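Note sheet for the following structure.
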């Protein structure tokens with residue numbers, strides 16, 4: 001299963017630091033080549049960490065569907081050829097097989113969750129109401 005493979009090859013900050021240190025030692029006599037190699041490794045490690053984070057988010061996202069609306073998911077996908085059923089270990093891979101990679105995306109508030117944004121909207125409305133009452 002794709003999720004098991006991603007878990008097995010997990011990059012950690014410790015393993016990244018160890019790899020970078022080994023490269024620094026290997027290229028001590030050739031600093032420019034070492035810098036280029038370190039840049040490439042750093043880029044690869046950052047990409048691996050992003051992929052890992054995406055995989056964790058994906059697993060949590062699908063797990064929510066499995067636990068909260070399994071019957072609706074089965075109803076939605078039951079007419080697709082090869083649907084294994086929402087409780088099958090192959091369900092995540094089946095759904096992932098239909099993913100389309102986004103070329104671009106937009107995030108209005110990249111540092112806030114949806115819940116935080118909604119809470120701030122409520123607080124803002126309450127502040128506006130309070131200011132209206134005292135003016």
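Coordinate-derived values only; no laboratory data. What you see is a predicted model, and the numbers here were worked out from it, not measured in a lab. Methodologically, a virtual Cβ is constructed for each residue, glycine included, from the backbone with ideal geometry; neighbour enumeration extends over all protein chains shown.
Quick rundown of the values:
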read-out	value
Convex hull volume of segment 52-135 per residue (C-alpha atoms, cubic angstrom)	158
Nearest-0.05 FRET efficiency for residue 78 and residue 118, computed from C-beta distance (R0 35 Å)	0.55
